Amino acid sequence: MTARYTQTAAWLHWVMAALIIANLVIGLSDGAIGSIRAHKAIGLTVLALALVRLAWRLAHRPPPLPADTSPAERRLAGVVHAILYGLMIAVPLAGWIMVSNASELRPLTWFGLFDLPFLQLDPAAYAPAKAIHSALGIAFGLLVLGHIAAALRHQFVKRDHLLDRMTMSSTQPGQ
């Protein structure tokens, strides 16, 4: 049997994957698909869940990669995952800084349930935060596509059952 991630890790992975993909679509379409208000709320949710996910990951070792995974693939997987974690934090944080320092402040609400505080630095922080948010958002989208392509390669080309590690099975240890 393939060693698996815990149910908590799998849940965090799939929920965050859906939120990140939705936010990439909304952001890259500049709000033509979905609303910018939803984009902001989803981004803040991704930021909060990324911190939970990072803490969970630091406390729980991932299952081993398939035995036939080359050393280069192992290093690449480690680097890509580290960058993904960094982007899960950096992209929404840059967005929060951007909207907090805009010339016209609009309420920053979490799905209309409550307002979040602004991270007011200096109005000059707006432009670099916007550039960083945009550039990292594009890089994030490309890396997500690469991550999906690699997962599909493992599933359909290598047939090494790597995706089985991230399924939501009720028989996983260490919930």
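The values are calculated or read from the model by the stated rules, or taken from the named source; none is laboratory data. Since this is a predicted model, take the numbers as computed values, not measurements. When we count neighbours, we look across all protein chains shown, and the Cβ atoms used for this are built from the backbone with ideal geometry, even at glycine. All accessible areas refer to the heavy atoms of the entire protein, side chains included, with ligands and DNA or RNA removed. Shrake-Rupley method; radii C 1.70, N 1.55, O 1.52, S 1.80 Å.
Annotations
- For the chain, a crude dipole built from +1 on the beta carbon of Lys and Arg and -1 on the beta carbon of Asp and Glu, taken about the Cα centre, is about 420 debye to the nearest 20.
- The stretch between residue 150 and residue 68, if pulled fully straight at 0.36 nm per residue, gains 28.0 nm over its current Cα-Cα span.
- Heavy-atom accessible area order for 167, 6, largest first, 1.4 Å probe: 167, 6
- Here's how it looks for residue 109: its modeled amide H is under 5 Å from those of 116, which are all 5 or more places away or on a different chain.
- log₁₀ of I(q)/I(0) at q = 0.13, 0.33 Å⁻¹ - region 97-144, Debye sum with one point per alpha carbon: -0.37, -1.06
- Taking only alpha carbon atoms, region 1-87 gives an Rg to Rh ratio of 1.05, where Rh is the Kirkwood radius.
- When the solvent-accessible area of region 50-99 is split by element, carbon and sulfur atoms take up 74 percent of it, the probe being 1.4 Å.
- The chain: proportion of alpha-carbon pairs further apart than 19 angstrom, %: 61 percent
- Calculated Rg and Dmax of region 75-126 using C-alpha coordinates, Å: 14.6, 45
- Counting every C-alpha pair in region 35-77, the share spaced more than 16 angstrom apart comes to 60%.
- For region 97-124 and region 16-63, distance of Cα centres in Å: 18 Å
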